[in-house]
Amino acid sequence: MLHLMKKIKVLELNDGTNSIDIKDFSWPKKYDLISEEDVNKAVNFAIEIAKDFSKPRHKHEHGKTTRSEKEYLMDMFIGKLGEIFVKNKLDELNIKSSDIDFEVYSGFDDCDLKIEVNKKEYNISIKTSKANSRLLLLEWSKYDNKGHYLHGMSGTIKVDAFIAPVIKLNSYYIPKNLKEEEYEVFLKSLNPSGFVYGFLSPSTIIKCKKHNKFLKAGTKLNSNISLEVDNFAIRLDSLYPLEKLKSPKC
């Protein structure tokens, strides 16, 4: 979709080590609060989708630690907040986008949002992280040489841009002793705010695939986090500004 001049900072190891220390990171100066109405929508979605542990997204993936019910619920909550936050930012920029999907599916949808620019439609994937994140991580094995997403069911999905918001909460963990009927009140008390670093063009993934640039499973980030699977790793503070989506060049 996009051909831009900015240098995207892709992380790789070429010095024989297995650890990366991310220094001089440009942290957000300001997070924007998310409205009570939007928080309520995200809470309702997360609770509804977490009710059924039989869905594919609950199952263990090779190389990954299986999430508990509480961890899964929190991930769904943060992910939906990210989608809502990005939608609101696109609205502020007068970039026409589709509505947020709050339906609960048993499989996969084609994208998180669609945007329309100059009467042409683009597929947007939203990759939400916690506020202390420094990297946009995309699983190496889930993208082909064209930058298309391999969802493991019926083929590939064309992604035109990956948008990377981060969500800040009072806590990212649901207490172990919290009962199911208390989840809603707890999630609504977390005072969410957000920030969008920018977006990534799939052309970066295509280049990474061509030159085999990725971080292997087991790589340590900042000496305390280890990657569970092979990943593309792109610094969040190097992404293209969101407003550049107003004039994509294909």
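General remarks:
- Estimated 222 nm signal from helices in the chain, with DSSP H stretches of n ≥ 4 weighted -39500 (n - 2.57), rounded to 500: -7000 deg cm²/dmol
- Placing unit charges on the Cβ atoms only, positive for Lys and Arg and negative for Asp and Glu, gives the chain a dipole magnitude near 1160 debye about its Cα centre.
- Fraction of the pair-distance distribution of the chain above 27 Å, Cα-Cα pairs, percent: 37
- In this structure, the amide hydrogen of Glu228, modeled 1.01 Å from its nitrogen in the peptide plane, lies closer than 5 angstrom to those of Gly218, counting only residues at least 5 positions away or on a different chain.
- A Cβ-based charge dipole, computed about the Cα centre of segment 147-250 with Lys and Arg at +1 and Asp and Glu at -1, lands at about 660 debye.
- Between the amide H of Ile20 and those of Lys220, Leu221, Asn222, Ser223, distances stay under 5 Å, these residues lying 5 or more places away or on another chain, with hydrogens modeled in the peptide plane.
- For the residue pairs Lys30/Lys188; Lys119/Lys213; Lys87/Lys188; Lys179/Lys220; Lys51/Lys96, alpha carbon separations beyond 23 Å are given by Lys119/Lys213; Lys179/Lys220; Lys51/Lys96.
- FRET E, pair Lys179, Glu103, Förster distance 35 Å, beta-carbon r, rounded to 0.05: 0.80
- In the context of the full set of protein chains, residues of the chain present 56 Å² of accessible surface per residue (probe radius 1.4 Å, heavy atoms only).
- Here the 3J(HN,Hα) profile of segment 134-145, calculated from phi with Karplus coefficients 6.51, -1.76 and 1.60 at θ = phi - 60°, is 10, 10, 8, 10, 10, 5, 3, 6, 9, 9, 8, 5 Hz, Gly and Pro shown as x.
- Packing-based order for 185-196, 231-242, using average beta carbon neighbours within 10 Å, highest first: 231-242, 185-196
- Along the axis of the charge dipole computed for the chain (Cβ charges of +1 for Lys and Arg, -1 for Asp and Glu, origin at the Cα centre), the listed residues Thr66, Leu33, Leu137 are led at the positive end by Leu137.
- Accessible area of the chain belonging to carbon and sulfur atoms, whole % at 1.4 Å probe: 47
The values are calculated or read from the model by the stated rules, or taken from the named source; none is laboratory data. What you are looking at is a predicted structure, and each value in this text was computed from that prediction instead of being measured. Every residue, glycine as well, gets a Cβ built from its backbone with ideal geometry; the counts of neighbours run over all protein chains shown. Surface areas here come from the heavy atoms of the whole protein model, side chains and all, with no ligands, DNA or RNA. Shrake-Rupley method; radii C 1.70, N 1.55, O 1.52, S 1.80 Å.
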